[in-house]
Amino acid sequence: MQISNIHADHLRSEGFTDADIAWMAGTIGVRSISQYEAREMGFSVESGGGLLFPFAPNFAQLRCDNPSIRNGKLCKYMTQTGRVSRAWMPDRAIVLTEGFKDAAIGTLRGGIPTGALAGVSHYRKALPKNSGYTILFDADGWVNPSVFASL
């Protein structure tokens, strides 16, 4: 499982070290994939390739190399078509964030096993009702109407 130099540079710009990147690749399976692999895995054809974040065996999110525009907004991340949403849950996680990278930083830097949701709209699909988790959503919930509606 390999992470390209471009994707490694992106992760470094987000605060990850080379050791963190190696952990994500080796332990979690984060990796760079081609457009062909993305299509084979059920991502939309316009997504191109990108950086794959596996949340569970049958559910992943792709940070697209060539994001498309949907509803007038740049769509940097997408999930697989027709898949049931799942959360990434490290052992003993009681806190979840919106996005894999935020959860990984919480787990690696904060020493708090932190799970991840693919986005704010996924919490109802990925978690059982009354699951008892604390969910930390991105701050844009107060200014983004679609995020606020999900909250």
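Points to keep in mind about this one:
- Stretching the chain fully between ILE94 and SER4 yields a gain of 29.2 nm (0.36 nm per residue, less the alpha carbon separation).
- Residue-span extension gain [SER13 to SER121] - 0.36 nm each, minus C-alpha spacing: 36.2 nm
- Dipole magnitude of region 1-100, debye to nearest 20 (Cβ charges: Lys/Arg +1, Asp/Glu -1, about Cα centre): 320
- Heavy-atom surface analysis with a 1.4 Å probe gives region 1-45 a carbon and sulfur content of 51 percent of its accessible area.
- Charge-dipole axis of the chain as Lys and Arg at +1 and Asp and Glu at -1 on Cβ define it, positive-most pick from ILE69, ILE105, PRO128: PRO128
- Whole-Å semi-axes of the chain's equivalent ellipsoid (Cα gyration tensor): 22, 20, 15
- Exposure rank, largest accessible area first [TYR77, TYR36, TYR123; 1.4 Å]: TYR36, TYR77, TYR123
- Dipole size of region 34-82 about its Cα centre, with +1 on Lys/Arg Cβ and -1 on Asp/Glu Cβ: approximately 240 debye, rounded to the nearest 20.
- Pairs of lysines in the chain (C-alpha under 22 Å apart; 8 or more residues apart or interchain): 4
- One way to sum up the overall shape of region 57-107 is the equivalent ellipsoid from its Cα gyration tensor, whose semi-axes run 24, 14, 9 Å, largest first.
- Sparsely packed loop sites in region 7-106 (the trypsin sites (Lys or Arg not before Pro) outside DSSP H, G, I, E and B with at most 11 other Cβ atoms within 10 Å) comprise ARG92.
- Within region 93-118: backbone nitrogen closer than 20 Å to the ASN130 label point (7 Å, Cα to C-beta): 94-95
- Surface analysis of the chain yields an accessible area of 56 Å² per residue, using protein heavy atoms and a 1.4 Å probe.
- Our note on the geometry: Cα centres of region 1-39 and region 97-136, 20 Å apart.
- In the chain, the DSSP-assigned H stretches of four residues or longer account for a calculated mean residue ellipticity at 222 nm of -6500 deg cm²/dmol, using -39500 (n - 2.57) per stretch and the full residue count as denominator.
The values are calculated or read from the model by the stated rules, or taken from the named source; none is laboratory data. Predicted, not measured: the structure shown is a model, and the values here were computed from it. Because the Cβ atoms are built from the backbone with ideal geometry, glycine has one as well, and the counts that use them run over all protein chains shown. Side chains are part of the model used for accessible areas, which takes the heavy atoms of the whole protein and leaves out ligands, DNA and RNA. Shrake-Rupley method; radii C 1.70, N 1.55, O 1.52, S 1.80 Å.
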